[in-house]
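J.: Before I ask anything, here is the structure I am working with.
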Amino acid sequence: MADFQWPWQYNFPPFFTFQPNLNTRKKQVDAWRSLILSYHKFYKQYVLDTTEAQNSPLFYNVELNKSIGKLPVDVIQIILEDLRQKGDCEWIDKQKKRCYVYWRTPSEWGKQIYDWVSANGMTGTVCTLYELCNGDDTQGEEFHGINSSVLMKALKILEAERKAEIMSFDGNEGVKFF
């Protein structure tokens, strides 16, 4: 597996200091948003915990001086709020400690899953959620290993579009595609 490619800004100390100039700050927040989405996509991570974030490689460049290379928690919150406003993040809790990071929106996941179902002649069939997330048939698909809560959000969108029906049977959850 290839290593994650950090953007040039990651090694530039001012990237870790909230910029006072509004134009510069906007570019900085845009660069952070892009980095967060790319990082989560590369590592197939769906949830960000703000209590752990400051010590993660994403927000802490150990190659830089410790006082310079660590993004402050309040700035992380500002950047995550920007992601939320753009639809790339959704808070899981009211305390804003954990959030889903949508490097693909639930709608995009739903479309990707439905396209796969259609291409494989599986309309009219029932799949368990486990089969969709972790089954052998989905190996190699981008949605393989998807977070179960994000999967459920995607399936609910498909259900609202009348392309699927979520169901429970024998203690398992599944979905029928139309």
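J.: Give just the number: which of (1) open to solvent by 70 Å² or more (accessible area, probe 1.4 Å); (2) in contact with a Phe, Trp or Tyr (Cβ under 8 Å, 6 or more places away or on another chain) does Asn61 not satisfy?
T.: (1)
J.: With respect to the numbered conditions (1) in contact (Cβ under 8 Å) with a residue 40 or more places away in the chain; (2) not in a loop (DSSP other than H, G, I, E, B); (3) not assigned by the TED database to the domain that holds Val47, which one is the sole condition not fulfilled by Asp137?
T.: (1) is the only condition that Asp137 fails.
So that you can scan it fast, the table gives a plain yes or no per residue for (1) at pLDDT 95 or above; (2) more than 23 Å from Gln19 (Cα to Cα); (3) in contact with a Gly (Cβ under 6 Å, 6 or more places away or on another chain):
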| residue | (1), (2), (3) |
| --- | --- |
| Tyr46 | yes, yes, no |
| Asp49 | yes, yes, no |
| Glu63 | no, no, no |
| Gly69 | no, no, no |
| Leu80 | yes, no, no |
| Trp91 | yes, yes, no |
| Tyr100 | yes, yes, no |
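J.: I'm told Val75 meets every condition in (1) open to solvent by 80 Å² or more (accessible area, probe 1.4 Å); (2) closer than 18 Å to Thr17 by Cβ except one. Can you identify the failing condition by its number?
T.: (1)
J.: Could you name every one of the helices (runs of 4 or more DSSP H) located completely within segment 1-96 that has at least 1 residues being of a type in the set (Ser, Thr, Tyr) and within 17 Å of Val150 (Cβ to Cβ)?
T.: Per the criteria, 22-43.
J.: It is to be established whether one or more residues within segment 110-132 are in a loop (DSSP other than H, G, I, E, B) and among the acidic types (Asp, Glu).
T.: Of all residues in segment 110-132, those in a loop (DSSP other than H, G, I, E, B) come to 120-125.
Subsequent filtering for residues that are among the acidic types (Asp, Glu) retains none.
Looking through segment 110-132, none of the residues is in a loop (DSSP other than H, G, I, E, B) and among the acidic types (Asp, Glu).
Here is a yes/no grid of residues against (1) open to solvent by 50 Å² or more (accessible area, probe 1.4 Å); (2) in contact (Cβ under 8 Å) with a residue 40 or more places away in the chain; (3) over 25 Å from Lys94 (Cα atoms); (4) of a type in the set (A, V, I, L, M):
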{"position": "Gln9", "(1), (2), (3), (4)": "no, no, yes, no"}
{"position": "Thr17", "(1), (2), (3), (4)": "yes, yes, yes, no"}
{"position": "Pro20", "(1), (2), (3), (4)": "yes, no, yes, no"}
{"position": "Asn23", "(1), (2), (3), (4)": "yes, no, yes, no"}
{"position": "Val29", "(1), (2), (3), (4)": "no, yes, no, yes"}
{"position": "Arg33", "(1), (2), (3), (4)": "no, yes, no, no"}
{"position": "His40", "(1), (2), (3), (4)": "no, yes, no, no"}
{"position": "Ala53", "(1), (2), (3), (4)": "no, no, no, yes"}
{"position": "Pro57", "(1), (2), (3), (4)": "yes, no, yes, no"}
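J.: What is the one condition in (1) closer than 29 Å to Ala31 by Cα; (2) under 17 Å from the mean Cα position of the chain (by Cα); (3) surrounded by fewer than 18 Cβ atoms within 10 Å (Cβ to Cβ) that Cys89 does not satisfy?
T.: Just one mismatch for Cys89, condition (3).
The values are calculated or read from the model by the stated rules, or taken from the named source; none is laboratory data. Everything numeric here is computed off the predicted structure, so don't read it as measured data. Ideal geometry is used to build each Cβ from the backbone, glycine not excepted, and the neighbour counts take in all protein chains shown. Side chains included, ligands, DNA and RNA excluded: accessible areas come from the protein's heavy atoms. Shrake-Rupley method; radii C 1.70, N 1.55, O 1.52, S 1.80 Å.
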